[in-house]
Amino acid sequence: MAEAAEALAHAHEHNLHHLCLRPGKLVWTTGNTVKVLGVAVDAALEGLTTDDPALDDAEGLGRLLYAGLTGHWPGDEEEGGLPAAPMSDGHFCTPRQVTAGVPGYLDTITCRAVLPESRKSHSALSTPGQVAEALADVARPLTIQYTPPPSPPPAPAAVSRSEGLDTQQRTYVSQPLPPKQPSTLNRVLMTFVVLLVIAAVGVGAWTLGRKLGNPAPPEAAQSQPPPSATAEPQIVKPSNATGFDPLGDDGAEHPELADDAVDGKPDTFWHTTNYNNATLGNLKPGVGLLLDMGKPTKIADVIATLSSASGASVELKVGDSPDLSSLKTVAKQKDASGKVTLTPDEAATGQYVLIWFTRLPADAGKFRGTIYDVVVYSPGTA
C-alpha cells in the first residue's frame with residue numbers, strides 16, 4: 001500500500017488520476033515491486049469525473065488498506081470476492097473492530113483516509129501523498145525470491161516410417177569410431193606435464209619437511225590477542241514516567257497519560273496540551289516526557305515513536321536530578337516524525353531521561369506533541 005500510494009502521488013504530480021481503485025488494480029510483480037493498473041485509463045473508460053481527484057484516490061487507497069487488514073470491502077456491495085465490511089450504528093466498523101491484532105497506527109491511518117466518522121481528533125488524509133507519508137515509517141515486507149519454473153525436457157524427435165525401417169543401418173553407423181593414436185607432439189606435451197607434476201610434489205615435500213623440523217616457538221603462535229567479546233545493548237525499563245512542564249503554570253503536562261508511553265502497546269500514547277502554534281504558543285521553550293530509571297543508568301539509545309505528522313523538534317536530556325537545569329542535552333533531532341532514534345553524542349549516564357519537545361507538529365487544527373512508545377537501551381557488558 002505504501003508503494004502504491006507513492007506511485008499515485010507521483011502520478012498526481014503530472015495530473016494523472018485513477019478514481020477506480022479496486023483490489024484487482026494492484027499487482028505484486030516478480031521483480032518485488034507493486035504495479036498500479038489503470039491510472040488515467042479506467043476513469044476515462046467508465047466516464048468518471050470528480051471535483052477532487054486527490055481526495056477520491058486517497059479514499060481509494062484507504063479502502064484497499066482496509067481490505068488488506070480485514071479481508072472485507074468498505075462499501076455497500078461485495079468487491080473482488082471480498083464481503084462487505086460490517087457496520088455499527090450506520091457506520092463501517094474500524095479495522096481493529098473487525099480483525100483482532102491490527103496495529104493501532106494502521107487502524108488510525110485507515111480511519112484518517114476512508115472512515116471520517118472514526119477519525120476522532122486526527123486530521124483527514126486527503127491526497128495520495130499524505131497517505132504515502134503516513135505509511136512511510138511502516139516496515140515493508142521481506143523480499144520475495146522468485147524462482148522460475150524449470151524448463152520442460154526437449155520433446156523426442158519424431159521418427160518417420162522410413163527411418164523406422166532403416167534401424168539396422170542407423171545402428172551400425174552410430175557405433176563410435178576407434179580412438180586415434182596420439183601424435184608425437186601430444187606425447188611430448190604429456191611427458192612435460194608429468195615432469196612438472198613430479199617437480200612440484202618434490203618441492204612441496206621438501207618445504208613441509210623444513211617446517212616440521214623447525215617448528216615455530218610457542219610465543220609466536222600466541223602473539224595474537226584473543227578477540228574481545230561484545231554484548232548487545234540491553235533494554236532498561238523505567239520505574240515511572242510523568243508529563244514534564246517545569247516552566248508551565250502547574251508544572252505538569254498530562255501526567256495521567258505518561259504510563260501509556262512506556263507500556264509497550266502501540267495504540268496507547270501520551271501527548272502534550274494543544275497549543276496555538278508550533279512554538280508552544282510562545283509561552284515557554286519546551287515541554288516533555290520525563291522517565292525515572294530508578295538508578296543512574298548508562299544510556300546507549302532512546303527510541304521514541306512519535307506521531308506521523310512531521311515538524312516536531314525533540315531533544316534527549318539526561319541527568320541525576322529531575323530539575324531542568326541539571327538535565328544535559330545529549331542528542332537532538334529536527335523535523336522528526338514516526339520512529340526516532342536519539343543517540344547521545346558522547347557517553348551519557350543519569351537516573352532521569354527526558355524527551356523534550358521544543359517544536360510541535362500540527363494536529364487537528366492545533367499543535368501538540370505525541371509519544372506512542374519509548375524504549376531506553378543501555379550498553380551491554382562483555
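Here are the numbers:
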read-out: Residue tally, condition within 24 Å of the chain's Cα centre (by Cα), farther than 18 Å from Phe269 by Cα and open to solvent by 20 Å² or more (accessible area, probe 1.4 Å), over the range 105-122; value: 1
read-out: Glu78 vs. criteria touching a strand residue (DSSP E or B) at 6+ places or on another chain (Cβ under 9 Å), modelled with pLDDT under 90 and charged (D, E, K, R); value: yes
read-out: Any chance Ala84 is in contact (Cβ under 8 Å) with a residue 12 or more places away in the chain and in contact with a strand residue (DSSP E or B) (Cβ under 7 Å, 6 or more places away or on another chain); value: yes
read-out: Contacts under 8 angstrom Cβ, first residue in the range 113-138 being outside any helix (DSSP H, G or I), partner β-branched (Val, Ile, Thr), 6 or more apart; value: Leu115/Thr94; His122/Thr108; Leu125/Ile109; Leu125/Val131; Leu135/Ile109
read-out: Residue within the range 359-368 that is open to solvent by 30 Å² or more (accessible area, probe 1.4 Å) and basic (Lys, Arg) present; value: yes
read-out: In the range 266-325, the residues that are among the β-branched types (Val, Ile, Thr), open to solvent by less than 20 Å² (accessible area, probe 1.4 Å) and within 21 Å of the chain's Cα centre (by Cα); value: Val302
read-out: Within the range 1-30, tally of residues that are part of a loop (DSSP other than H, G, I, E, B) and either under 19 Å from Leu82 (Cβ atoms) or under 18 Å from the mean Cα position of the chain (by Cα) (or both); value: 5
read-out: First in the range 244-267 and assigned to a helix (DSSP H, G or I), second anywhere and open to solvent by 60 Å² or more (accessible area, probe 1.4 Å) and not basic (Lys, Arg), Cβ under 8 Å, 6 or more apart; value: Ala258/Asn240; Asp259/Asn240
read-out: Candidate set from the range 32-57 (those that are touching a residue at least 12 places away in the same chain (Cβ under 8 Å) and more than 18 Å from His12 (Cα to Cα)); member that is least open to solvent (accessible area, probe 1.4 Å); value: Asn32
read-out: Residue, surrounded by the fewest Cβ atoms within 10 Å (Cβ to Cβ), within the range 58-97, restricted to residues that are closer than 22 Å to Lys120 by Cα and acidic (Asp, Glu); value: Asp89
read-out: Neighbours by Cβ (under 7 Å, 6+ apart or cross-chain): first from the range 279-300, under 16 Å from His254 (Cβ atoms) and free of Cβ contacts under 8 Å to residues at least 60 places away in the same chain; second open to solvent by less than 50 Å² (accessible area, probe 1.4 Å) and part of a loop (DSSP other than H, G, I, E, B); value: Lys284/Gly248
read-out: Selection status of Gly62, touching a residue at least 12 places away in the same chain (Cβ under 8 Å), in a loop (DSSP other than H, G, I, E, B) and within 20 Å of Ile109 (Cα to Cα); value: no
read-out: Index of the failed condition, Val375 passing every other in (1) open to solvent by 10 Å² or more (accessible area, probe 1.4 Å); (2) farther than 15 Å from Asp301 by Cα; (3) within 27 Å of the chain's Cα centre (by Cα); value: (2)
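The values are calculated or read from the model by the stated rules, or taken from the named source; none is laboratory data. The shown structure was predicted, so the numbers you read here are calculated from the model rather than taken from an experiment. Counting neighbours? That spans all protein chains shown, and the Cβs are built from the backbone with ideal geometry, glycine included. Only protein heavy atoms, including side chains, enter the accessible area calculation; ligands, DNA and RNA are left aside. Shrake-Rupley method; radii C 1.70, N 1.55, O 1.52, S 1.80 Å.
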